[in-house]
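Trainee: Before I ask anything, let me first share the structure, which is written out below as structure tokens.
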């Protein structure tokens, strides 16, 4: 068997029909330079039986003793892979097989490469919308790659990283922050060049129902990803990663902190004002912000938060919309 160049890593849980459909798609690719690593988070359905029923030696199935959560399962994918590079996908994302030879060719020819980022197409809702498109360019290791890409590519699928640049032990410190793949990206960007391509490498499938991501920190357990408390949780997580992993890049750290404060002040203001019920959570939000010294001392955060609140509150449309919500609430 040929040396494994690319490990396609799929963390999965309790979706046997979906993962089987994806595996049947992947094994159509004839080359032995790939392996398909399935990391099953102790699914209670028939995932194990279904995956093992597909007789292809390139499929490597691993079952966790218990459900460790998404973050740990992604880390386990890295630990279980054997390829020079790792390509992450979720169990429902579809890799564009015709681009695999191009990926493998670039990996073989460019030994200083540590990351490939391609375009992803969202087929949901008939949109056919291209996301995660960073054009066609090569970014230098360190400052250039980090400032251009860090926290700008939020989707796991289609992320291709050099395995030897990744440090799962370090990544484990950030379990629970929903940004484990960003930690791995940062590790790779510190050590090698990044190849950005406008080529479509992956498709997000059409979905009958919109997927929801729920948070699990104590103060936001069960809250949606884009709720006010969910937004605040994300900001805290991102600041934690920047603070801990970019100490040797002080200028880059400063640029990213300012960018994050500005972006998330706006997101937080909008999420609070989007729904009347979220206004009741302002006290909780203020308490959390006061405890976080980095946010509390950031003038960029407070200036942009104030600007967004002022802009929305003085908007004629905002008040009409708010009154309509109150009226509907009274009628119901």
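Derivation of every value follows stated rules applied to the coordinates shown; laboratory data play no part. A quick note: this is a predicted structure, and the numbers were derived from the prediction, not measured. Positions of Cβ are backbone-derived with ideal geometry, glycine not excepted, and every protein chain shown enters the neighbour counts.
Trainee: Can you pull the Rg over Rh of region 136-248, Cα-only, Kirkwood?
Mentor: With Rh from the inverse mean 1/r over Cα pairs, Rg/Rh is 0.99.
Trainee: Right, another one. From the C-alpha gyration tensor of region 79-124, pull out the three semi-axes of the equivalent ellipsoid (sqrt of 5λ each), sorted largest to smallest, in whole Å.
Mentor: In descending order the semi-axes read 21, 14, 10 Å.
Trainee: In nanometres, what is the gap between the two model label sites at residue 243 and residue 42, each 7 Å from Cα along Cα-to-Cβ?
Mentor: Each label point lies 7 Å from its Cα, and together they span 3.1 nm.
Trainee: In terms of the Cα gyration tensor, with a ≥ b ≥ c the square roots of its eigenvalues, is the chain rounded because a/c is under 1.5, prolate because a/b exceeds b/c, or oblate?
Mentor: Here the chain falls in the prolate category.
Trainee: What do the square roots of 5 times the Cα gyration tensor eigenvalues come to for region 13-159, in whole Å, largest first, as semi-axes of the equivalent ellipsoid?
Mentor: 27, 18, 17
Trainee: Can you tell me what share of the DSSP beta bridges in region 6-204 is antiparallel? A percent to the nearest 5 is fine.
Mentor: Antiparallel bridges make up about 40 percent of those DSSP assigns within region 6-204.
Trainee: Shifting gears a bit: How tilted is helix 299-313 with respect to the longest principal axis of the chain? Cα atoms for both, answer in degrees (0 to 90, nearest 10).
Mentor: 70 degrees
Trainee: Taking 0.36 nm per residue of separation and subtracting the Cα-Cα distance, what length does fully extending residue 68 through residue 251 add?
Mentor: Here the segment from residue 68 to residue 251 would lengthen by 62.3 nm.
Trainee: Using only the Cα atoms of region 50-134, build the gyration tensor, take square roots of its eigenvalues as a ≥ b ≥ c, and label the shape rounded, prolate or oblate: rounded if a/c is under 1.5, else prolate if a/b is larger than b/c, else oblate.
Mentor: Because a/c hits 1.5 or more and a/b fails to exceed b/c, region 50-134 counts as oblate.
Trainee: Additional query: Between the helical axis of 282-291 and the dominant principal axis of the chain, each derived from Cα atoms, what acute angle in degrees is found, rounded to the nearest 10?
Mentor: Value to nearest ten degrees: 70.
Trainee: Could you give the length gained by full extension between residue 299 and residue 226, i.e. 0.36 nm per residue of separation minus their alpha carbon distance, to one decimal place?
Mentor: 23.9 nm
Trainee: I need the calculated FRET efficiency for the pair residue 112 and residue 31, taking r as the beta carbon distance and R₀ as 25 Å, to the nearest 0.05.
Mentor: Once rounded, the FRET efficiency stands at 0.60.
Trainee: Using only DSSP helix segments of four residues or longer, with each worth -39500 (n - 2.57), what per-residue ellipticity at 222 nm results for the chain after dividing by its residue count and rounding to 500?
Mentor: -13500 deg cm²/dmol
Trainee: Roughly what would the spin-label model give for residue 175 and residue 80, points 7 Å off Cα along C-beta, in nm?
Mentor: 1.5 nm
Trainee: Kindly give Rg over Rh for region 111-169, based on alpha-carbon atoms, with the Kirkwood expression for the hydrodynamic radius.
Mentor: The Rg/Rh ratio comes out at 1.01.
Trainee: Rounded to the nearest 10 degrees, what's the angle between the helix 228-245 long axis and the longest principal axis of the chain, both from Cα atoms, 0 to 90?
Mentor: Compared with the principal axis, the helix lies near 60 degrees.
Trainee: Quick check: pseudo-label points 7 Å beyond the Cα along Cα→Cβ at residue 131 and residue 105, how many nm apart are they?
Mentor: 2.9 nm
Trainee: If you don't mind, another one. For a quick protection proxy, order the peptides 225-233, 38-46, 105-113 by their average other-Cβ count within 10 Å, most packed first.
Mentor: 225-233, 38-46, 105-113
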